[in-house]
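Asks: Structure in structure tokens, see below.
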Amino acid sequence: MIEFKDLKEVSDGIWEIPRSYWEPMRCAARVYISRTGLTALLGEKSLEQLINVATLPGVEYASAMPDIHQGYGFPIGGVAAIRAQDGVISPGGVGYDINCGVRVLGTPFSVEDVRSRLEELATQMQRDVPSGVGRGGEFMLGEGEMKHVLGQGVRWAIKRGYGTDDDAEYTEEYGSYQHADSGCVSEAAKKRGSDQLGTIGSGNHFIEVQEVVHLYDSEIAETFGLSLGQVVVMIHTGSRGLGHQVCTDYVRLMNSVRTKYDIFLPDRELACAPFKSPEGQSYFKAMAAAANFAWANRQIITYQIRNAWKRVLKTREADNLRVVYDVAHNIAKLETYAGKEYIVHRKGATRAFGPHSPEIPERYQGVGQPVLVPGSMGTFSYILVGTETAMTETFGSSCHGAGRQLSRTKAKKSIDYTTLKQQLDEYGVVVRAGSAQGLLEEAPQAYKDVNGVVDSVERAAIAKPVVKLKPLAVIKG
Amino acid sequence: MSYEFVGHTADIQLRITANSLSALFRDAAEGMMEYIFGAEVVGETHSSTERCEVSGTDLEDLLVAWLSALLLLTQVQYVRVASVMDVQIGAGQATAQLALVPAQALEEIKAVTYHNLCIEEQNGRYTATVTFDL
């Protein structure tokens, strides 16, 4: 078990476990976290998981963001840059919910415009956007349509009238990861996802109406189309059962070929294969397809939200819910740094490209990419901006959210529903939840402090806060 | 049957103890179904039976394959595995007859993981702890 003395403080809030700590490590393992946060980590297994990541063939960089907590194989909050030429790709470095991610819609409304209508808006969105366990959506995708969704992502939705070109422009990878191949996705995965397009799911997925309550950088906020008192809508969801099955399929497949490639695996959930192998390429293409499903999912949900707002507010302005940005926080991307190609695995971590990155929308290139960081239910969320430091220090990566500290079981046992509901009422949050149980599991007390997470990435200069968002209404399964 | 649920930070673990491998696999299935659908099997009308056959490279992989196959059934057919009969484990394969009833899930499991999974046998008693990603 790792101890405090095994870590070296590289600079304030940046810690390193040297390569010499364990012989199989191929690089040092770095963690971005406060001293207090690090002390809390020493009692759990996430640092061991990070050390395991540093053993993967071809890995040149392994780190964890301050929202680190225990995952499967990789810790949540983990980032690994692995050489594409001779390194591996690992489904555990992406996670079961492929392209779980966040989208923020900017509205033309101030909080005064909508405060009296929040209950109606929340009710309408709960009605129009299926959420909760076992809730399918209005789309039943047959084989042909599924192939198009997996291949085209947001583009599929736009072609069918569920969005505009602008929606794609302000989505990571323009909502359509080019490496996708639906033929690499199993029939089981396609069946699991066949009725789930346009659904939120359950657990920590949500739609939240928020108010911009603080501007850290008014110029960058203006570039992002954000202003004080503005109402925004945040969507958090992913690839649903389709993505879960893709990961399941490939973790099993890669475990079955580990002796073929003579890969030392300290943890079966780190199962991997050489990126250039048939198995590695098949997973990459299946993962890209699942990522496209998630982007199409968030696009359909955007369409449903726009319709809900129009129905309630009955104003033309409700047509103008525009995408500020959409980020993936569980994905593996083929990216080039200093002329070399890497598979950058981000599992519970967000791409945070700095200014002048050609991959981000032209309008944002002068300032950098929005980094969307949801807090837990009832706490602040943040929009940050990527930095040049992130490009040189973390392979263009930053944090993704708050990170759990209480298990669902403990949350349900230790938090009182009535008290929680009262707290949310006092905080002024309208809640539409599928179950009391679900609400308890996602209570703010079950999560780490998102303010501390944002503070850590700001100190490390890998992302900069732009705006702080306060919840007004939350809709969840 | 003998199983219990153990809280895990982001997920849930099912700890199973049984007198044979086939009982372990059966009880693991029933435990998973209890988590998803609740303790009571409601409305046993219109039940159907289905044969399940999975393969794995070792016992742990076989258990993951088994539970993953049952999870898939619940999610694409919207059924609960009401009972598991005639479980046979051997030569990298597990087979069984399943009784299925239509049911509404109360909880969602994303996946069955290999996390810390080890099937141990001592004095004829088998134990395993399976972690489900929620």
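Asks: Using r as the Cβ-Cβ distance of A:T164 and B:E120, and R0 as 60 Å, what FRET efficiency do you calculate, to the nearest 0.05? Intermediate values should be presented prior to the final figure.
Replies: Numbers: r = 57 Å, r/R0 = 0.95.
Efficiency computed from Cβ-Cβ geometry: 0.60.
Asks: Also, I was wondering about something else. Output the antiparallel fraction of DSSP beta bridges having both residues in the protein assembly as shown, as a percent to the nearest 5.
Replies: Details: 105 of 113 bridges.
Beta bridges within the protein assembly as shown, antiparallel portion: roughly 95 percent.
Asks: In whole Å, what are the Cα extents of segment A:360-462 along the three principal axes, biggest one first?
Replies: Principal-axis extents of the Cα atoms in segment A:360-462, largest first: 47, 25, 21 Å.
Asks: Something else about it: What aspartates and glutamates sit close enough to A:K260 to cross-link, taking a C-alpha to C-alpha distance under 15 Å and skipping anything fewer than 8 places away on the same chain?
Replies: Filter leaves A:E279.
Asks: Take each of the peptides A:181-187, A:314-320, average the number of other beta-carbon atoms within 10 Å over its residues, and list them starting from the highest. Working shown, then result.
Replies: On the way: A:181-187: 18.0, A:314-320: 12.6.
For the peptides A:181-187, A:314-320, the packing ranking is A:181-187, A:314-320.
Asks: Starting from the Kirkwood radius over alpha-carbon pairs of segment A:66-116, derive D by Stokes-Einstein at 4 °C in a medium of 1.567 mPa s and give it in µm² s⁻¹. Please list the in-between numbers first.
Replies: Working: Rh = 14.5 Å.
Answer, rounded: 89 µm²/s.
Asks: I'd like the Karplus ³J(HN,Hα) series for segment B:91-106: coefficients 6.51, -1.76, 1.60, θ = phi - 60°, whole numbers in Hz, and an x wherever there's a Gly or Pro.
Replies: Here the 3J(HN,Hα) series is 6, x, 9, 10, 10, 6, 9, 10, 9, 10, 10, x, 7, 9, 5, 9 Hz.
Asks: Arrange the peptides B:117-129, A:205-217 so that the one whose residues have, on average, the most other Cβ atoms within 10 Å appears first.
Replies: The packing order, highest mean first, is A:205-217, B:117-129.
Asks: Further question: Taking each residue of A:405-411 in turn, how many C-beta atoms of other protein chains fall within 10 Å of its C-beta, and what is the average?
Replies: Across A:405-411, the average partner-chain Cβ count within 10 Å equals 5.
Asks: Equivalent ellipsoid semi-axes for chain B, as square roots of 5 times the alpha carbon gyration tensor eigenvalues: give them largest first, rounded to whole Å.
Replies: 22, 18, 13
Asks: Translational diffusion coefficient of segment A:11-122 at 37 °C, 0.692 mPa s, Stokes-Einstein with Kirkwood Rh over Cα pairs, in µm²/s as a whole number.
Replies: Here the translational diffusion coefficient equals 202 µm²/s.
Asks: What length, rounded to one decimal in nm, is gained on full extension from A:N307 through to A:T36, with 0.36 nm per residue of separation minus their alpha-carbon distance?
Replies: Numbers: separation 271, 0.36 × 271 = 97.56 nm, distance 4.52 nm.
Between A:N307 and A:T36, full extension yields 93.0 nm more.
Asks: Moving on. If you take each beta carbon of peptide B:28-40 and count the beta carbons of other chains within 10 angstrom, what is the mean?
Replies: Numbers: counts 0, 0, 0, 0, 0, 0, 0, 0, 2, 1, 0, 0, 0.
Mean inter-chain Cβ contacts per residue within 10 Å come to 0.
Asks: Could you work out, residue by residue across A:89-95, how many beta carbons of other chains sit within 10 Å of that residue's beta carbon, and then give the average as an integer?
Replies: Numbers: counts 0, 0, 0, 3, 0, 0, 3.
Mean shielding by partner chains, rounded to a whole number: 1.
Asks: Taking the Cα centre of each part, how many Å lie between segment A:363-377 and segment B:59-134?
Replies: 41
Asks: Take A:T336 and A:D12, extend 7 Å from each Cα along the Cα→Cβ direction, and tell me the distance between the two endpoints in nm.
Replies: 3.7
Asks: Which aspartates and glutamates have a Cα less than 15 Å from the Cα of A:K159, not counting those fewer than 8 places away in the same chain?
Replies: By straight Cα distance, A:K159 reaches A:E145, A:D167, A:E169.
Asks: Between segment A:426-477 and segment A:37-95, what is the separation of their alpha carbon centroids in Å?
Replies: 24
Asks: If one puts a single equal scatterer on every Cα of segment A:169-312 and applies the Debye formula without solvent, what log₁₀ I(q)/I(0) results at q = 0.10, 0.13 Å⁻¹?
Replies: Normalising to I(0) and taking log10 leaves -0.49, -0.73.
Asks: Residues of segment B:55-78 with backbone nitrogen within less than 13 Å of a virtual label 7 Å along the Cα-to-Cβ line of B:Q93, please, listed as ranges.
Replies: B:55-56
Asks: Please state the Cα pair-distance histogram of segment A:38-98 with 10 angstrom bins from zero: what percent is in each bin?
Replies: 24, 54, 20, 2
Asks: Beyond 20 Å, how much of the Cα-Cα pair distribution for segment A:319-396 remains, as a whole percent? List each step's numbers first, then the result.
Replies: Details: 1051 of 3003 pairs.
The proportion of pairs with Cα distances above 20 Å equals 35 percent.
Asks: Please work out the FRET efficiency for the pair A:E23 and A:K276, using the Cβ-Cβ distance as r and a Förster radius of 25 Å; give the result to the nearest 0.05. Numbers along the way, then the final one.
Replies: Details: r = 26 Å, r/R0 = 1.05.
Result of the calculation: an efficiency of 0.45.
Asks: Also: Return the lysines within reach of A:K410: Cα separation strictly under 17 angstrom, same-chain partners fewer than 8 residues apart disregarded; answer none if there are no such residues.
Replies: Counting by Cα, and skipping residues close in sequence, A:K410 has these lysines nearby: A:K448.
Asks: For the protein assembly as shown, evaluate the Debye formula with one uniform point scatterer on each Cα (no solvent term) and list log10 I(q)/I(0) at q = 0.06, 0.09, 0.10 Å⁻¹, rounded to two decimals.
Replies: -0.28, -0.66, -0.83
Asks: While we're looking at this one, here's another question. Dividing the convex hull volume of the Cα atoms of segment A:162-246 by its residue count, what figure in Å³ per residue is obtained? Before the final figure, lay out the partial values.
Replies: Numbers: hull volume 12.2 nm³, N = 85.
It comes to 143 Å³ per residue, whole-number rounded.
Asks: Could you check the simple spin-label distance between A:H356 and B:E50, using points 7 Å along Cα→Cβ, in nm with one decimal?
Replies: It is 5.7 nm.
Asks: Please state the equivalent ellipsoid semi-axes for segment A:160-200: what are the square roots of 5 times the Cα gyration tensor eigenvalues, largest first, in whole Å?
Replies: Numbers: eigenvalues 106, 46, 13 Å².
Calculated on Cα positions only, the semi-axes equal 23, 15, 8 Å.
Asks: Let me ask you something else. Can you grab the distance from the C-alpha centre of segment A:302-339 to the C-alpha centre of segment A:384-403, Å, no decimals?
Replies: Centre-to-centre distance over Cα atoms comes out at 21 Å.
The numbers here are math on the coordinates, done by the rules we state, and not lab data. Everything numeric here is computed off the predicted structure, so don't read it as measured data. So basically every Cβ, Gly included, is an ideal-geometry build from the backbone, and we count neighbours across all protein chains shown.
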